[in-house]
Amino acid sequence: MLNPTSNIFLVGLMGSGKTTIGRALAKKLNKRFVDADHEIEARTGASIRLIFEIEGEASFRQREADVIRDLTAQEGLVLATGGGAILNEQSRAFLRSRGTVVYLRASVASILQRTSHDKSRPLLQTADPKARIEELARERGPYYDEVAHITIETGRPNVQSVVQNILARLEAQTPASQPDLLTAINPEAADQTTSAAAPHSTPAQPT
């Protein structure tokens, strides 16, 4: 059983649905949604692609690690991380210890389909995007597995079915000492948990 936490962190390859699913999940749980890549762009005033072109990937990864450090220290949010955020060891430690990490795992074919017309992803600006995605999956897969508390397949199911799957897995791992999250997922279950936890009063015996 996980330690009580109010944060949910989504990890996975680009195109696995972290932003779309994260927004829907945050709405369902009444939490704030943050996209780490959008936060980097807001801080720098530049697009991810431009940061890669001007500063290179190493500099971008440092900016990314700084954002992950800052955002994971907050509370009550659903965070969609960048696909390569888990490459940083310290970021993996922050994600693992400061929230529930949900790995959205998607097939190479589905990722290729979702990203085929997206020119904003610098790592896929190559002559063979499929080979690049396969390479990234091999490189990053073990890190996603290492950091994840929950793994969800995001192949054919629609967004709402994926969200419901996540909610069911969260409910199964939610301690009774975390009633706020339990209530958001299943109000009736939270009421039952609270009732079960409350001590029964014993009528005073005459003396």
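In a Debye calculation with equal point scatterers on the alpha-carbon sites of region 1-75 and no solvent, what is log10 I(q)/I(0) at q = 0.28 Å⁻¹? Taken in order of the listed q values, log10 I(q)/I(0) reads -1.39. Ranking Val67, Val159 from most to least accessible surface, computed with a 1.4 Å probe over the protein chains only, gives Val159, Val67.
In order along region 31-43, phi translates into HN-Hα couplings of 10, 7, 9, 9, 9, 4, 5, 5, 5, 4, 5, 5, 6 Hz, rounded to whole numbers, per the Karplus curve 6.51 cos²θ - 1.76 cosθ + 1.60 with θ = phi - 60° and x for Gly and Pro. List the aspartates and glutamates whose Cα lies under 17 Å from the Cα of Lys28, skipping any in the same chain that are fewer than 8 positions away. By straight Cα distance, Lys28 reaches Glu75, Glu171, Asp180, Glu188. For the residues Lys31, Lys18, a 1.4 Å probe over the protein chains yields an accessible-area ranking, largest first, of Lys31, Lys18.
The values are calculated or read from the model by the stated rules, or taken from the named source; none is laboratory data. Keep in mind that what you see is a predicted model, and the values were worked out from it rather than measured. Accessible surface areas use protein heavy atoms only, side chains included; no ligands, DNA or RNA. Shrake-Rupley method; radii C 1.70, N 1.55, O 1.52, S 1.80 Å.
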